[in-house]
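Undergrad: Got a structure for you, questions after.
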Amino acid sequence: MAELQELKGKNWMAAMALCWLFGPLGGHRFYTGKVSTGWAMAILSLVGAFPITWIWAFVDGIMLATNSYRHEDGSELYERVEWFGWTYVTLQVLAILGTIAYIGVIMTMFATFMGAAAGAISSGSGI
């Protein structure tokens, strides 16, 4: 009977899931022993610097997906599931593109409304 290897360190899938779900709050950093930067992310998120911590978590997620993220002690995370990491990256990129498209639509609608309102005011008919 083959002996089971004792798994040491932290699970990659757990770190990836924490990054995905609680990334801007530093969940994955607390899990991998990077407590001081985990607290920095949590505090920055709570004081309103959420865009900064989201970008930070996105970069950490890419590092996790490419297996370049390490535990605080330098050890690798075990049980890496490559497709899950690339799914994370793909969904995050789609979210960024969707947000940009949404902002573009809102700005176009606002510009159209302002143009119509300016035309109505200049013609004296009101809105």
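The values are calculated or read from the model by the stated rules, or taken from the named source; none is laboratory data. Just so you know, these numbers come straight off a predicted model, no measurement behind them. Virtual Cβ from ideal backbone geometry, glycine too; neighbours counted across all protein chains shown. Remember, those area values only see protein heavy atoms, side chains included, never the ligands or the DNA or RNA. Shrake-Rupley method; radii C 1.70, N 1.55, O 1.52, S 1.80 Å.
Undergrad: Quickly run through the stretch 41-67 and pick out the residues that are touching a Ser or Thr at 6+ places or on another chain (Cβ under 7 Å) and either open to solvent by 40 Å² or more (accessible area, probe 1.4 Å) or among the polar types (S, T, N, Q) (or both).
TA: Residues satisfying the conditions are 44, 45, 53.
Undergrad: Now, a different point. Looking at the stretch 73-96, can you tell me whether even one residue there is touching a Lys or Arg at 6+ places or on another chain (Cβ under 9 Å), closer than 24 Å to residue 56 by Cβ, modelled with pLDDT of 85 or more and open to solvent by 80 Å² or more (accessible area, probe 1.4 Å)?
TA: Yes; the residues of the stretch 73-96 include at least one that is touching a Lys or Arg at 6+ places or on another chain (Cβ under 9 Å), closer than 24 Å to residue 56 by Cβ, modelled with pLDDT of 85 or more and open to solvent by 80 Å² or more (accessible area, probe 1.4 Å).
Undergrad: Has the stretch 82-98 got at least one residue that is part of a loop (DSSP other than H, G, I, E, B) and touching a residue at least 40 places away in the same chain (Cβ under 8 Å)?
TA: For the stretch 82-98, residues part of a loop (DSSP other than H, G, I, E, B) and touching a residue at least 40 places away in the same chain (Cβ under 8 Å): absent.
Undergrad: Can you find, within the stretch 1-30, the residue that is modelled with the lowest pLDDT among those that are open to solvent by 60 Å² or more (accessible area, probe 1.4 Å), touching a Gly at 6+ places or on another chain (Cβ under 9 Å) and under 14 Å from residue 71 (Cβ atoms)?
TA: Filtering first and then ranking leaves 10.
Undergrad: Here is a further query. What pairs can you find where one residue is in the stretch 42-59 and more than 14 Å from residue 92 (Cα to Cα), the other is open to solvent by 90 Å² or more (accessible area, probe 1.4 Å), and their Cβ atoms are less than 7 Å apart, with a gap of 6+ or different chains?
TA: Final answer for the pair search is 44/52.
Undergrad: Could you tell me whether residue 38 is in contact with a helix residue (DSSP H, G or I) (Cβ under 9 Å, 6 or more places away or on another chain) and either assigned to a helix (DSSP H, G or I) or open to solvent by 70 Å² or more (accessible area, probe 1.4 Å) (or both)?
TA: Against the criterion (in contact with a helix residue (DSSP H, G or I) (Cβ under 9 Å, 6 or more places away or on another chain) and either assigned to a helix (DSSP H, G or I) or open to solvent by 70 Å² or more (accessible area, probe 1.4 Å) (or both)), residue 38 qualifies.
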